[in-house]
């Protein structure tokens, strides 16, 4: 059975397992106060071109989103997101469980545009009754988006400026950041992400790690006693090494970027093959997630030999489907899929 | 200055003050365990044609909504509401603060229609990933709605049946229930509300009381230890009498219904006068809230002599505005307003 | 049946009802943005000898405590309280429901002493693992305490200084403040309360009002958008007048203080009578709550003619019991009780 | 530098890393819906002598505690714990953050005894005002305790019976369960834990895993939609394999028990050596955590060559200290430490 189900169906890139094994018997203090965690942070800082970033390693994406958002918002504030944002749709209400409304705005190909935000903020600020409404307290986006699309540097710059004009911190969910920044269609670098955001995370789980995300505060804006916040959320690993050692390996010799580049190249091949065979794109994604429109008959036939996800039924006979590549996707698998189309 | 700003700009209907004064020196135990509270409950039960209702008096509408919703939902569930629902728009995130998402669906003249709910539920239940989504756990509507419109008996019956087909309790916000049920356009009675809902509240604050709402569980479905829930939310009055004695008076000799009938009659006069003068209706409301479209110049001119609310700016020059009548609105005030149009 | 059950068994002091009635038909905007609320605030400010206090009217004591505490604490902080504190024992977990631990310390006659706090803080700050513990973020006390006892000016000054030495705001629950400050045993004034606390509340419900408490920030330290916080908690009254007009009356011609003085005088008589008859004091209270030790037989006999509360069973045959006076307690009732002892 | 700081200072037992590597490239669906997770659950069930257990793998101890407790309690309930319980003291308020009070009772050598619980419950149920108090909703204990001590089978049976007599589920924190059950002083088996508790967890992080705990519902009592609950808390791993594969290895060929047995044997040697040298025991622990009383001078001297934890300063010159063994502790290290005493 071929699998293009997701980018989290295999374990870790072998180099990560090797590094975990190599450091396994070194005695390290717990909770992230150890030299290996420091080393991983240094390597991430170097990749970001900054030496003053504040970094907290966490386990998964939803956990990272909820901790980042809950830590920044005041009780009466909500987080602005495109309606397609992961925090709005697929986190089982984690943000609301922490007490905050997701203020969802219409998306544009999965993105939240600066002008959409501006229109919303002007209406909010002009409303006589806005003390009875949820106050927007920060903005959430994902790069690449849940549809695999990318903000251009111009779009992200405009959004960042708009956020800051209204006093809103900008938070970027980088669950698949490696696949985004390494797309040939991407015109920005990690340093742009650092400069334009107030906090963001570099996703590990979907880019080669067994688990782990690196939450990064870019403006010395990590809240006081953040360790206690993380602990309180049940998110502080006793053996932080399991995440930090994997990040150390990911940011050694450019592994993180190589994983992204190769998976996106295979995704582009796969997209070209679908298009050539006459399948319609549901969304034109330049990253490792590809969305097509298939009929029920096509879905049933393909699913006999390939695992992939159904994103949404468009009508009783047609669905948007998702094919995903990752560090673990082989050329052989892509070729085999192409032969099945 | 004339005021049509809202239905909570004056104190209490005089009969309520009289009853508070008459009972003032009677010694009663606290927290609702008193004979006056029992008496008020009996009168409400009689009006509802049922003797097995479970009733909790609370202070205000947002408080009632959040307690009702938080008490019924499990942690991973959300409340379905029209996007124009009070819980979604004007409660400063009270529902989310209690941990739950408001699952907003498109409204139809302020109403949530059965078919809108059905389409949503079928999509939710058919989604492969719905364990990662907020599970709908109950439905919230208001009668009359935030736009003053009314569900017909057929609409409410259809919605109730759809809710129950999916296992969702139906909760009705009756902040202005008296103004709704007494509208000439209303084809249902309080008994229909009782039968079709799982819980609802009869609003006091906006229908003649200084404060107070009566939250009513219609199916012996009040959660265990509900008093502790109310206490925990900071909503348990030591002197429950302040609310229950007012409700006693409201449900003596049909006062609650008389208040509703008279205020709606004045509102209908007011609407007719606006229409006659050529003003456009923003929403055709058969209850005590009336919505018109006015130009900025008209607004500025009228506001010199009349207080009323701006609902929403439709464009830079035109706004939807709201005029509200209540038990305290006099014929003289309506006539004076008409003369100003 | 005589009642010494509590100070919330009757309605409102007649002057409050009179003032509500006198202002009943005046049209006022909602939510506290009205002239009557402003007037009540001015009178409270005058009584406090300050013109820069920030005041929010709320409905009840638990509500006030939870809003005050939740508004000041960060998510990882807790509130320090004597273990006998109302927030620790009799609020059904309202503070914890808002996400915060009550850090309970041993009481001394219901009081939290400066040295108790100091010992605790030094241990906390000296603990290597304190990032894994709940961080103390503020201090809660009540004056008078839950046992009717009073902090002396020296005790309160020492506690306030200790709080501030550790950066902890001091919050004073004044549910019965009028009965405390008017005790002959009290050596402090309202102005001392204002100066030594960071926020406190003047209780109305137990000192003559139907409902209502005045939460007061003494250092221009009301959090931003506090109205939204109050709304979010379901605590913002549409008709704020119901509370503010009562406070206006309470702070007109010293009514609040007269109520306190007279009720305490009757309580002192009552205590003297019990003592004279040989009953043991459970706690020597100089305010309107009196605690005695009674046998089961004495309790059963007295309860035939008098309502009073059982505080705690000390052993199977003896209980601490509570007798409370208020503005509504008459000399006749006290004389009748004395005759029964 | 020798380290007896804790049982989470090294990585994973080598057999766990081997198993992770062996299964690394197998494609598995996410979120625990995979065959490897099923296999780990089967092995745990076999060890428990039951085939109907419901198991959820989680990442760490605090996370497991808060999810277990929040999932079982109603909003107005609290969890009863010894005051020394981890949930009461060292989880940064995670339980309270989820909305629930920890109802702490006096411990007996770190344990909560049945009679302590009984006394508390009888007082609670007999209190006239208990609707104003936090209702006890479940009981939390740890086996072994935070002091390394063990409940005997008789003590645990009595506690379990008392819990159930009052309708309280019993939850056992087994962060170090392997070190407890393998102590020569332990007179119970894993099957007793299963039978006497309503839910418990088998700790992985401190017993050989990089991360991971197995939360086990023993009575088909896993709440509905528990996956959504876990997701909502940010605790659902996309690659659940990282935990389940480690548990598979731990429960293959009795590895989990061997780790426990060997570490406890070394701890017993270490205790004997301290005692022989005349050091006082702070607590007489039969498991892998050992507590002694050392002077400041002894601490300073030893810390030059050995890492260990300071538990609590008893007076300015003496502290309770903790030495911990684990699967990673070598005989050489124990011998070296003994030579330093």
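The values are calculated or read from the model by the stated rules, or taken from the named source; none is laboratory data. Here the structure is a predicted model, which is why all the values come from computation and not from measurement. Positions of Cβ are generated from backbone atoms using ideal geometry, with glycine treated the same way; all protein chains shown enter the neighbour counts.
Just a few scattered comments:
- Helices (runs of 4 or more DSSP H) contained in region D:1-76 and holding at least 2 residues facing another protein chain (nearest Cβ under 7 Å): D:14-22, D:61-72
- Matching option when the condition is out of contact with any strand residue (DSSP E or B) (no Cβ under 7 Å at 6 or more places or on another chain) and either in the same structural domain as residue B:191 (by TED's automatic domain parsing) or at pLDDT below 95 (or both), among B:235, B:224, B:263: B:224
- When A:270, A:294 are checked against the criterion of being touching a strand residue (DSSP E or B) at 6+ places or on another chain (Cβ under 8 Å) and either part of a helix (DSSP H, G or I) or within 14 Å of chain D (Cβ to nearest Cβ) (or both), A:270 stands alone in meeting it.
- Region D:23-47 residues that are closer than 11 Å to residue D:240 by Cα, paired with ones that are surrounded by 18 or more Cβ atoms within 10 Å (Cβ to Cβ) and at pLDDT below 95 (beta carbon under 6 Å, 6 or more apart): none
- Residue check, residue B:157 buried (at least 23 other Cβ atoms within 10 Å of the Cβ), farther than 17 Å from residue B:76 by Cβ and not assigned by TED's automatic domain parsing to the domain that holds residue B:259: no
- If you check B:53, B:125 for being at pLDDT 95 or above and either more than 28 Å from residue B:152 (Cβ to Cβ) or surrounded by fewer than 18 Cβ atoms within 10 Å (Cβ to Cβ) (or both), only one passes: B:125.
- Any hit, region A:146-153, residues being closer than 30 Å to residue D:22 by Cα and modelled with pLDDT of 95 or more: no
- For the residues D:192, D:173, the requirement of being surrounded by fewer than 23 Cβ atoms within 10 Å (Cβ to Cβ) and modelled with pLDDT of 95 or more singles out D:192.
- Residue selected from region B:194-211 under the condition without any contact (Cβ under 8 Å) to a residue 60 or more places away in the chain and part of a helix (DSSP H, G or I), by the criterion nearest to residue B:146 (Cα to Cα): B:196
- Condition met for residue B:214 (part of a helix (DSSP H, G or I) and either out of contact with any strand residue (DSSP E or B) (no Cβ under 6 Å at 6 or more places or on another chain) or more than 14 Å from every other protein chain (Cβ to nearest Cβ) (or both)): no
- One residue stands out among those in region D:240-254 that are out of contact with any helix residue (DSSP H, G or I) (no Cβ under 6 Å at 6 or more places or on another chain) and within 28 Å of residue A:204 (Cβ to Cβ): the one that is nearest to the other protein chains (Cβ to nearest Cβ), which is D:242.
- Unique match (being touching a strand residue (DSSP E or B) at 6+ places or on another chain (Cβ under 7 Å), within 30 Å of residue D:70 (Cβ to Cβ), surrounded by fewer than 24 Cβ atoms within 10 Å (Cβ to Cβ) and touching a residue at least 12 places away in the same chain (Cβ under 8 Å)) among A:104, A:89: A:104
- In the set (1) modelled with pLDDT of 95 or more; (2) farther than 30 Å from residue C:2 by Cβ, the condition left unmet by residue B:1 is number (1).
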